[in-house]
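> I'd like to ask some things about the structure below.
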Amino acid sequence: MHFLFKLPGVRTYIDPHTYEDPNQAVHEFAKEIEASCITIERVIGAGEFGEVCSGRLKLPGKRELPVAIKTLKVGYTEKQRRDFLGEASIMGQFDHPNIIHLEGVVTKSKPVMIVTEYMENGSLDTFLKKNDGQFTVIQLVGMLRGIAAGMKYLSDMGYVHRDLAARNILINSNLVCKVSDFGLSRVLEDDAEAAYTTRGGKIPIRWTAPEAIAFRKFTSASDVWSYGIVMWEVVSYGERPYWEMTNQDVIKAVEEGYRLPSPMDCPAALYQLMLDCWQKDRNSRPKFEEIVNMLDKLIRNPSSLKTLVNASSRVSSLLAEHGSLGSGAYRSVGEWLEAIKMGRYTEIFMENGYSSMDAVAQVTLE
Ligand code: AMP
């Protein structure tokens, strides 16, 4: 019988689609805000349904708050309005410091709006690219810890994100990271990274676990795979996973057991955690709770982050990935690395004494 009762304190996510009337869903989970309480200041981004602006929210009896305001552009269809507000119906069910907080919605006047807390530093991928190399390892691990805590909360609620990627994380002025971009089908419609698979699903290939690509098995364990990719993006300051490889090549390489090499200057413990998230067998991947605990341990004991993935193992894994030196005769290590699209590693090769093709050939022979 106890299966029929919910555990105290554990709420589960309700799919807004289970409501016959989606307008009822949004009002169940989101507060209606009077448009007169909102002041729009400037445009900060473009969403699928319209502009994203920053501004202020002044509710009666509360202090004024900086907010982000998503608007639904004029001339929308009923389905677009439903999908747009669907994100608010989902977000409104969550209450966690690492999940973007919904202030409310405006549906009784036009334009229709979704109002959320304001995240001063915007999306994490752009922020890291702009601040390449500027953070301590502890700061990076702090960001990752926040994202993992948000994901643990979502997985406890029974919500599978399906599009976890640095571009869908927002970061505030205190460097607190929060998971955002909630939706049902729309999340992937909206994501320029999502590509159609042979089976017709639209999937952000580089971030997605093989079983989710192959047979649409999206679970919290496939979110853990994506989390490993986010770890890699964070430690490499917003580098594109698998660089310029095509989606088809990524699918094939991952299927064959290839995994992203360690980012530069990456603590060995973090790279090991990434590899754990990328286990083929989804049941062998760590749970978000274990990831949070592991990152907490690393933060409490910063010396555990001092051991970096060593450069020579990075070099040999690059060589293993690329097999032989190829048939072409390369005049320099730089030229060869450029030819195999690994030019960015030239400096590491030089620093580690692989300055001539002879030296490199020696390593491949070993
Ligand atoms: P989205 O449609 O949610 O992907 O939002 C588009 C862009 O608007 C994002 O990439 C961010 O740069 C920006 N943005 C969205 N929500 C917020 C927010 N709460 N705070 C600050 N910027 C935001």
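Please treat every number below as a calculation from the coordinates, not as lab data. Just so it is clear, the model here is predicted, and its values are computed rather than measured. We place every Cβ from the backbone using ideal geometry, glycine too, and count neighbours over all the protein chains shown.
> For the cross-link pairs LYS70/LYS130; LYS70/LYS152; LYS62/LYS297, which exceed 28 Å when the distance is taken from alpha carbon to alpha carbon?
Violating the 28 Å Cα-Cα cut-off are LYS62/LYS297.
> Ranking request for peptides 119-128, 22-31: highest mean number of other beta-carbon atoms within 10 Å first, then the rest in descending order.
Put in order of decreasing packing, that is 119-128, 22-31.
> Let me ask another. Can you compute log10 of I(q)/I(0) for segment 1-141 with the Debye formula, treating each Cα as one identical point scatterer, at q = 0.11 Å⁻¹?
Summing over Cα pairs of segment 1-141 leads to -0.51.
> Using modelled amide H (1.01 Å from N, peptide plane; none on Pro or chain starts), what sits under 5 Å from the amide H of GLU103, excluding residues fewer than 5 places away?
For GLU103, whose amide H was placed from the backbone, the distant partners under 5 Å are VAL115, THR116, GLU117.
> Now, a different point. Using only helices, what value at 222 nm comes out for the chain when you add -39,500 (n - 2.57) per DSSP H run of length 4 or more and divide by the total residues, to the nearest 500 deg cm²/dmol?
Result for the chain: -11500 deg cm²/dmol, rounded to the nearest 500.
> Follow-up question, since we're still on this one. Could you pull out every residue, at least 5 positions away or on a different chain, whose amide H is within less than 5 Å of the one on ILE44? Hs are placed 1.01 Å off N in the peptide plane, and Pro or chain starts have none.
VAL52, CYS53, SER54
> While we're on this one: For the chain, find the longest principal axis of its Cα atoms and tell me its angle to the long axis of helix 78-91, 0 to 90°, nearest 10.
For helix 78-91, the angle is close to 80 degrees.
> Hey, can you rank 34-42, 268-276 by average C-beta count inside 10 Å, highest first?
268-276, 34-42
> Note the per residue figure in Å³ for the convex hull of the C-alpha positions in the chain.
178 Å³
> Let me ask something additional. Could you tell me how many degrees, from 0 to 90 and to the nearest 10, lie between the Cα long axis of helix 268-277 and the main elongation axis, the longest principal axis, of the Cα atoms of the chain?
60 degrees
> If you don't mind, there's one more thing I want to ask. Just to confirm my numbers, what's the Cα centroid distance between segment 219-280 and segment 116-137 in Å?
Comparing the Cα centres of segment 219-280 and segment 116-137, I get a distance of 20 Å.
> Considering only lysines 8 or more places apart in sequence, or on different chains, count the pairs in segment 153-293 whose C-alpha atoms sit under 20 Å apart.
7
> Using +1 at the Cβ of each Lys and Arg and -1 at the Cβ of each Asp and Glu in the chain, identify which of VAL250, PHE29, ALA212 lies farthest towards the dipole's positive end.
Checking the options against the dipole of the chain, the answer is PHE29.
> Which order, highest average first, do 223-235, 242-254, 284-296 follow once you tally other Cβ atoms within 10 Å for each residue and take the mean per peptide?
223-235, 284-296, 242-254
> Nothing charged except the Cβ atoms of Lys and Arg (+1) and of Asp and Glu (-1): what's the magnitude of the dipole of segment 225-315 about its Cα centre? Round to the nearest 20 debye.
240 debye
> Let me ask something additional. Tell me the angle of helix 137-156 to the major Cα principal axis of the chain, expressed in degrees between 0 and 90 and rounded to the nearest ten.
50 degrees
> Find the relative contact order for the chain and round it to a whole percent, using C-alpha pairs within less than 8 Å whose residues are 6+ positions apart.
12 percent
> Taking the Cβ of MET143 as the center, what net charge do the other residues with Cβ under 13 Å away carry, scoring Lys and Arg +1 and Asp and Glu -1?
0
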